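In what follows, a structure is listed as structure tokens, so that the remarks can point back to it.
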Amino acid sequence: MKFTSTRGQAEPVGFVDACLSGLAPDGGLYVPESWPSIERATANESYVSVACRVIAAFAGDELPKKTIEGICERAYSSFSHKSVAPLVQWGANRFIMELHHGPTLAFKDVAMQLIAQLFDEVLSARGQRMSVTCATSGDTGGAAAAAFAGASQVDLFILHPYERVSPVQRLFMTTTGADNVHNIAIDDDFDVCQAFVKSLFADRDFVNETYLSGVNSINWARIAAQAVYYATTQAALGDDRSLRFIVPSGNMGDALAGYVAARCGLLAGFEAVCAVNENDTLRVLFEEGRMLRRPALATPSPAMDISVPSNFERLVYEVSGRDPELVRGLYESFAQSGSVDLPNRISGPLGCSGLSAAAVSDSETLEEMNRVHDETGWLICPHTAVGTSVARREPVGGDIADVVLATAHPAKFPETVKEAVGRSCPLPDRVAGLADRAEQFERLPSEVSDVRKYILENRRN
Ligand SMILES: N[C@@H](CCOP(=O)(O)O)C(=O)O
């Protein structure tokens, strides 16, 4: 299977090269040239088995079946729940998909554990080493640090916005003690960190010199791996059952993964609401058809403090009928002016994509954490609360089941839990020693040239 760039000016590449590249050389995001048809999961099929089938469908004949099996088995052996993404019932026709059973207690582990195994397998075979970047608003960085710590073929460079992630989120990315993991705190917000990563990719000499890759959800492997838990959820709740997924969203990779699962035939239908905080770019995009660049606000759900959701580009590409000129024009205008109205050709089909968005205020988020606790005794993380709040506000009728994705464990946000619920939330035993470990990170000003220099000086040759 070949992968093509949403901006149409890069050579199509195979699955492995698409994943190793992260971003396409023309600045676009890779998508498969056509959607593979993947057989639905069954209720008694293991998570690893479904993951193998999904990855194999995208990898085609590039990776032997045995290799994919090894990658998936190793990836999910570190999860504390054998189902990887178990469901708990929250009410009549309401479920929570728990995605926080991985090593850093966030949904990012699900794909990142797999990607690190994939990179290790492929780069060892090629005798190649890469510099891998990621920008994080809190959870991607920790997941990448845990997944790549000690990897012989990878030097990891994580960019996080200084003092705009929770202390526990920061500890996950700054305490691995591994000499191949580098954490950089940028004096700015997540959008700037992400823009820095993208501008490093735009410098092709730098990419070639450092063998640069990226493991944000710009990377197709992230989307493919995240599509798996949509498939297992459909199987668990009934092959023909109509589901509405509520997806706490920032960069929109997770919601896009649901869309991809549906396009590949893994779901009975498709409806997903991107639940966003006061950084409501996605709501404005879906409801008002406008792409706006605004400074990201700091909210109680920091991982979603994002105003430029990267994966919207993949959706624009699809709903435009795969028109790379249109995508390129749109994103060039956006880069220049910071504000673009979506043409009717996009806003019309966008409404039929199965995706939509709804925003939740900071006070509603805290109230919702408290309400869920009162009703069930459960503590939920503020991102998950954005999701449950949307589900509650816009109930679905009939036999349709709501599935809210619980993106992180509440223990990653003890201060917010305390404020909302008045209770402390200790870390689970398996990560209890986190706060005792020494932290290591470098604080840099908001200058991409400093990041560039740091990577050149700290990568292994
Ligand atoms: N919410 C993320 C930001 C990066 O998103 P990604 O899914 O593209 O990696 C985070 O927590 O870091």
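Here are a few things to note about the model shown:
- Rh by Kirkwood over Cα pairs, then Stokes-Einstein D for the chain at 1.306 mPa s and 10 °C, µm²/s: 73 µm²/s
- Heavy-atom surface of the chain, accessible at 1.4 Å and reported per residue (Å²): 36 Å²
- Accessible area of the range 360-414 belonging to carbon and sulfur atoms, whole % at 1.4 Å probe: 49 percent
- Anisotropy class of the range 71-181 from Cα gyration tensor, a/c 1.5 cut: oblate
- Calculated SAXS-style log₁₀ I(q)/I(0) at q = 0.12, 0.13, 0.18, 0.29 Å⁻¹ - the range 29-83, Debye, Cα scatterers: -0.32, -0.37, -0.68, -1.19
- At R0 = 22 Å, FRET efficiency that the Cβ-Cβ distance of R437 and N458 yields, to 0.05: 0.60
- Heavy atoms of D61: accessible area, 1.4 Å probe, square angstrom to 10: 140 Å²
- Count Lys and Arg as plus one, Asp and Glu as minus one, and take only other residues whose Cβ is under 14 Å from that of D189; the net charge is then -3.
- Measuring against 30 Å, Cα to Cα, the residue pairs K66/K198; K2/K453; K418/K453; K2/K66; K2/K198 contain K66/K198; K2/K453; K418/K453 as the ones spanning a longer distance.
- Dividing the radius of gyration of the alpha carbons in the range 214-287 by their Kirkwood radius gives 0.99 for Rg/Rh.
- Restricting the calculation to Cα atoms, every distinct pair contributes to the Kirkwood radius of the range 301-356, found to be 12.2 Å.
- Given a 1.4 Å probe and the protein chains as shown, T233 ends up with an accessible area of around 0 Å².
- For the range 210-286 versus the range 24-70, the gap between their alpha-carbon centres in whole angstrom: 15 Å
- When a 1.4 Å probe is rolled over the protein heavy atoms, the share of accessible surface on the range 73-152 that falls to carbon and sulfur comes to 45 percent.
- Per-residue SASA remark: M1, around 70 Å² accessible (1.4 Å probe; ligands, DNA and RNA not included).
- Kirkwood estimate for the range 12-132, i.e. one over the average of 1/r between Cα atoms, Å: 16.1 Å
- Accessible surface comparison of W35, W378, probe 1.4 Å, protein chains only, largest first: the order is W378, W35.
- Counted charge near A420, where neighbours are those whose Cβ lies closer than 15 Å (Asp, Glu -1; Lys, Arg +1): -4
- Per residue, the convex hull spanned by the Cα atoms of the range 237-350 measures out at 101 cubic angstrom.
- For the range 340-461, the Kirkwood radius over C-alpha pairs fed into Stokes-Einstein at 4 °C and 1.567 mPa s yields D = 70 µm² per second.
- Cα-based radius of gyration of the range 311-387 once divided by 2.2 N^0.38 Å, which approximates compact folds: 1.58
The values are calculated or read from the model by the stated rules, or taken from the named source; none is laboratory data. Keep in mind that what you see is a predicted model, and the values were worked out from it rather than measured. Cβ atoms come from the backbone with ideal geometry, glycine included; neighbour counts cover every protein chain shown. The accessibility values were calculated without ligands, DNA or RNA, using every heavy atom of the protein model including side chains. Shrake-Rupley method; radii C 1.70, N 1.55, O 1.52, S 1.80 Å.
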